[in-house]
Amino acid sequence: MPATACMASCAESDETSDIATLLRVAMEGDSRAWTEIVLRYGRLVAATVHSFQLQDADALDAIQMTWLRLLTKGRRIQDPDKLTAWLITTARRECLAILRRSKRVAYREDIADTPADSAGWPEQRFLASEEVSAVRGLVAELPVRGRTVLWALFAEPGRPYSEIAAAIGIPIGSLGPTRARALRQLRQRLCERGLV
């Protein structure tokens, strides 16, 4: 083996054992070892994070979370010479997590800006159908003339009074008073049943 190849191989072996020792000592809590790791790999982590073009606060969070992950999971790294790849992958994952969270927050903020139409929710549809059934039952209890006028007026909104009066067989001038009386009776029944 040529001398230069031996020196490169020996230097690579020394570097791998140096990283392994440095990582092991850092995992045992040696602050000088941590400082050395951050000095060696800090620019790499920062460059990886900055490639995602996050806002400054998010970028700092991603960098800090990368170092925190190393602190909590560094003992699991079986091949210390892969520390560079591990840090890059972890930094990328942290950036992606921040981007996913920011999209969810933006989506939630959009929703908060426009009030939700809860009428389409199953619970609301059920309650509405229960209320409609209760009101129909109370209308059915009204006297025949009042019940007939309410059904005719509200079953087909916009229908002219003259047509309704002719269909029911009462004078047009009686529709308004009959409707008012029937609505009062209905309101009273709704109050008695606790529906208003």
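We did not get these values from a lab; they are worked out from the coordinates using the rules stated. No experiment lies behind these values; they were computed from the predicted model shown. Neighbour counts run over all protein chains shown; Cβ positions are idealised from the backbone, glycine included.
The table below lists the values:
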item	result
Separation in nanometres of the label points that stand 7 Å from Cα toward Cβ, at residue 55 and residue 78	4.1
Integer Hz, Karplus 6.51/-1.76/1.60 couplings in order for the range 35-44, x for Gly and Pro	4, 5, 5, 5, 5, 5, 10, x, 5, 5
Volume of the Cα convex hull of the range 47-94, divided per residue and given in Å³	58
For the range 144-176 versus the range 32-102, the gap between their alpha-carbon centres in whole angstrom	75
